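In what follows, a single structure is set out as structure tokens and then discussed.
The values are calculated or read from the model by the stated rules, or taken from the named source; none is laboratory data. The model shown is predicted, which means the values in this text are computed figures rather than measured ones. Ideal geometry is used to build each Cβ from the backbone, glycine not excepted, and the neighbour counts take in all protein chains shown. Note: areas computed on protein heavy atoms with side chains; ligands, DNA, RNA excluded. Shrake-Rupley method; radii C 1.70, N 1.55, O 1.52, S 1.80 Å.
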Amino acid sequence: MPFSGSKAKGGTAAAPAHASPLRSSSVSDNAETADPGVPRTAPADSSLAEATRRDVKRASVRLSDKVESVVCHDNDSDSDAAEAGSDAGDDNSAAAGGCPFSEHSGKAAGEAGGSCPVTGAKAGDGKAKSTLADSDPALSGATAQSSLDQFRNKFSSRNKTLYDALRRESERIEANHLNAEREVLRSNDIAFLIARHEMELNQLLAAQAAETKQKEDAFDKLVAARKERKEAKRLQRTAMRQTKRRDLLIQRQEAAVKAALAVKSSLKERREAFDSLIAHMEWTHEKERKQLIAAQERKMLYEKMLNELETKHLPEELRSTLAKKFHVRQTHQAVLNKRINDQLREMQQTELRQAKERFELEVKCYDEHGNLKITHTIRLAELFDSQLAELQTEKERLQSKHEEEKLQIIIQNNNRDLKRLQQQHRIVARQLRIQQEQKVAARKQRKADGSIGGAGPVFVGSNVGSKRMSRQGSTGSMEDTPSEIGSQMSGMSPSRNLGVASQLAFIRGNGSGINEDDEDVQSNGSRTVNQSAIAALAAKQCQEKNSLVGALQQEMNECQLSIDARMTEVEEQHALEIDKLRNDQNQEIERLVAIQEKEIQMEQSVHDAEMKMLVERRILNSVLETVVDGIINITPTGTIRRFNAAAEKMFGYTAAEVMGKNIKMLMPARIAEHHDGYLNRYLTTGVKNIIGSGRQATGLRKDGSEFPVQLSVSEVKDNEQHLFTGIIRDLTEEVRLEEELRAKDEAKKAELGKLVSQLNMSRKKADDLLSQMLPPSVSGQLLEGKQVAPQTFESATVFFLDVVGFTTICSDVSATDTIGMLDAIYNMFDDVIQQYDAYKVETIGDSYMIVSGVPKPNGKRHAGEIATLALHIMSKVYTFKFEQKPDLRLRVRIGINTGPVVAGVVGSKMPRYCLFGDTVNTASRMESTSSPMKIQVSETTFRELSAVGGYHLVSRGEIEVKGKGKMNTYFLTGKEDFPYELPPQ
């Protein structure tokens, strides 16, 4: 657009310095005036005012452009034709690029069609004229003058028409400008009114919210105070119950102390009565023993007197013989009397012991009876306490339930009041919005019909109107409907509306108070239900008490029957014991009498033998001379007194050559020099070395040769004679035979030693094999022929291993290769087991069972031993390769469980050491539910390993285990500072 320049930031074209005052005034209309007290809130019809302002701006710009183009053309019309002709080059440039009356470039002129806005000449005409002027200078000057005159005439008529149009356009623009200003003032007034309405509505909502919050706070305080009162009452009831329970406990303790004192006093009285009975029995027993001894002495005295009377008239020799026989009978009778006294004492001690046993049994039964009474008292007291606690708990529960019901009623009433109040608030707010919308519509209507100068801000809701409406709302009838009250409150201020809403809430629901009548009705119904529940509970407790009393009475009767049965059994046992003791004593007396009879007969036999001794002595001398062994008698000084024929033959001496000489002549010098010392030492000390026993010695013959002899020495003391008798046997032949036999024995011993060593080696191999099959302690008992009893272990850890896919592996190889593979695997496992405190229980096919803590307990180490062993085996399996199939990888499953087990030997032909118990079954389930190359442990093993520390365990979660249900299990993945490589987990 000509002379428009660049546009301003607000979108309005900036006027040049020589622009007309009309354009400046139209541009200044863009600045909007607004009341500083009114918030910048867009009015409802702001779009209409904005459209009007845009139309005014566009019309002002068009008018300014036209005026500027005319003025520019008028200023340039006074130039002479010569100057116009001399500027032909400029015309060419203008023809090529634009109009001389415009500030636009040639490009703009070209885009405009190449015509001048005043003359209407085309850009091409200039070029043609320039060409003509160049061909004829005189023609060009005349033509320029006529063109200039023609242009002036045409410009005068056009200029007048143009200014008339400009004047009409200015009037229309001014009218539009005034209408736009009135529209802006009306929009600002409405915006201010809407802002004030929003402020009043916000104030009303804030007051309503404050009122609601106040009611809620008051209700919360009411409920909190009510809860505090109920809690204080509950604590008071609890304290009172605890005081009663404490008093009842003190009474029970005092009663228990009194009962214990009564039992102690009764036991003391029983003990004193028993002591008196024992003392009486001992006095009676002592008297019986004295009476028996006196009777026995009188009997022996009577027997002696009768024997003297019977033998008084007999010869002396016969009387002496009979006296010896009577002495023997008296001795036997004394022994018999002593044994009878001992039996009486034994019988009396048995009676005392039985009396003590009966008393101890009575005391024990009395204690059991008393303890049973105490137990019954305690059980009744516990039942009473439990029933009382249950009754109190039920009362508290019912009381709490009743209080909750009351509180729920209060809360429901309060919620109902709050909802009613909120409904009234919404009604008041809705009425206020309706009134505000009506005011805004009326204001818009007045502005549309009003004059130009009547616009201005209007303040609504004046104090006079508010006071008038407040008086109408306060003096209205209390029986008005909510709609009527809301219509009256539509013109009030927020504070006045809040007061009327409060009055309305008070009329509807009596404020936030509690409906006591409804609460009393609810309380009566709850109290009836509570009394029924308490009565039912009391009846149930009474029935439980009666059942317990009946059971206790039955138990007391059974205890009394058991006591009577035990007393009867003890009495019967005592009677049987007394009868047996009497029978045993009678049999013993009979045996003793029989033995004494035999001894009397023996004494008679001895007496008869003495009579024969003299005859036999003479016979003995003849025998001594004929025996094979040499017999020598010597005195204490070593002088030979007897030297029989066998001795003469043995030593080569005659009896005459040795009689009266020392015995040392018959022994080598090395022995003879010590012989006198032996005799003197024996005669001085009396210590026997060779007397009464025999030994080998060395004899010396007359020719000086030595020979072995067997020497036996005896001693004879008869009146004044003291002799030593030596019996000598020649051992020359026996020694020779012994040497030969000894040589044979040595050979046999050597051969036997070889056999024994072979036997020991075989036994060691058998023991080693047996110790591999059974624990050493168990195998030792079996070798000794003992019965191995089952043994319970409180805590042990069981390990199960299974080769994954073993059936598939075996299907591709022969049976011999399968055995070789199993042997290689089990040898590898056996080498690992030897490094830990564990015992290999058994192998079944491809299954492997190990236990730690059995048969030798190892405290808390069994779980750690098995866990480390399992990691070691897993490391070995990871690097293991089959010789038959190097490319085949061995994979295993391992399960571990910890718990109690029972171990024992099963079978006698092929005994096996087996483990039993749920721990073994759970360990097997851990193995069967594990994953390949995984070590699954149970919850108990996890706790044991966690207590040991250092092991890496990952929770697997709950899994379904056959026979166990859901179980928490874990995977053992490693151990701190473990030296071996483990498979990746």
Practice item. Under 27 Å Cα to Cα from residue 401, which lysines show up? Leave out anything in the same chain fewer than 8 places away. Key: 215, 221, 227, 230, 233, 244, 419, 540
Revision key, fill the gap. Any residue on another chain or 5+ positions along whose placed amide H is under 5 Å from the amide H of residue 644 is listed here as 631
Review point. Measuring with a 1.4 Å probe in the full set of protein chains, what accessible area per residue, in whole Å², belongs to region 132-254?
Key: 66 Å²
Exercise for review: Quick one: plug the Kirkwood hydrodynamic radius of region 574-635 (C-alpha pairs) into Stokes-Einstein at 20 °C, 1.002 mPa s, and report D in µm²/s.
Suggested key: 132 µm²/s
Point to revise | Lys, Arg +1 and Asp, Glu -1 on Cβ, resulting dipole of region 227-276 about Cα centre, debye, nearest 20 | key: 700 debye
Check your understanding: What is the gain in length, in nm to one decimal, between residue 322 and residue 268 on full extension, counting 0.36 nm per residue of separation less the C-alpha to C-alpha distance?
Key -> 13.1 nm
Exercise for review: Can you tell me what the convex hull of the Cα atoms of region 815-970 projects to on average, as an area in nm²?
Suggested key: 10.5 nm²
**Study point:** Surface/4 of the Cα convex hull for region 202-357, nm²
**Key:** 17.9 nm²
Check your understanding: All other residues with a Cβ under 10 Å from the Cβ of residue 877 taken together, and with Lys, Arg as +1 and Asp, Glu as -1, what is their net charge?
Key -> +3
Check your understanding: Expressed in whole Å with the largest first, what are the equivalent ellipsoid semi-axes of region 155-282 derived from the C-alpha gyration tensor as the square root of 5 times each eigenvalue?
Key -> 119, 16, 4
Check your understanding: Leaving out ligands, DNA and RNA but keeping every protein chain, what accessible area does residue 682 have, in Å² rounded to the nearest 10, with a 1.4 Å probe?
Key -> 30 Å²
Revision key, fill the gap. Share of Cα-Cα pairs in region 533-599 beyond 18 Å, whole percent, is 70 percent
Practice item. Enumerate the calculated ³J(HN,Hα) couplings along region 841-853 in order (Karplus 6.51 cos²θ - 1.76 cosθ + 1.60, θ = phi - 60°), each rounded to whole Hz, writing x wherever the residue is Gly or Pro. Key: 7, 6, 10, 10, x, 9, 9, 9, 10, 10, 9, 10, x
Practice item. Count charges around residue 545 for me, please; just the other residues with Cβ under 14 Å from its Cβ, Lys/Arg as +1, Asp/Glu as -1. Key: -2
**Study point:** Rounded to whole Hz, the Karplus (6.51, -1.76, 1.60) HN-Hα couplings of region 143-153, x for glycine and proline
**Key:** 5, 5, 5, 5, 5, 5, 5, 4, 5, 5, 5
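Subtract the Cα-Cα distance of residue 216 and residue 884 from 0.36 nm times their separation in residues, and report this length gain in nm to one decimal. Please list the in-between numbers first.
Working: separation 668, 0.36 × 668 = 240.48 nm, distance 8.78 nm.
Length gained between residue 216 and residue 884: 231.7 nm.
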**Study point:** Total charge dipole magnitude, region 181-234, about the Cα centre, Cβ charges on Lys, Arg, Asp, Glu only, Debye to nearest 20
**Key:** 780 debye
Review point. For region 813-825, what does the Karplus curve 6.51 cos²θ - 1.76 cosθ + 1.60, with θ = phi - 60°, yield as ³J(HN,Hα) per residue in whole Hz, taken in order and with x for Gly and Pro?
Key: 10, 7, 5, 5, 5, 4, 5, x, 5, 4, 5, 5, 5
Exercise for review: Equivalent ellipsoid semi-axes for region 939-985, as square roots of 5 times the alpha carbon gyration tensor eigenvalues: give them largest first, rounded to whole Å.
Suggested key: 24, 13, 7
**Study point:** For region 171-239, with +1 on Lys and Arg beta carbons and -1 on Asp and Glu, the positive-most of 188, 204, 219 along the dipole
**Key:** 219
Practice item. Above 19 angstrom, tally the Cα pairs of region 310-403 and express them as a % of all pairs, no decimals. Key: 75 percent
Revision key, fill the gap. Under 5 Å from the placed amide H of residue 804, counting only residues 5+ away or on other chains, we find 891, 892, 893
Revision key, fill the gap. Interchain or sequence-distant (5+) residues whose placed amide H lies within less than 5 Å of the amide H of residue 956 are 969, 970, 971
Review point. Nearest 0.05, what FRET efficiency do residue 669 and residue 612 give at R0 = 41 Å with Cβ-Cβ as r?
Key: 0.35
Point to revise | Computed over region 255-333, the ratio Rg/Rh where both radii use C-alpha atoms and Rh is Kirkwood | key: 1.59
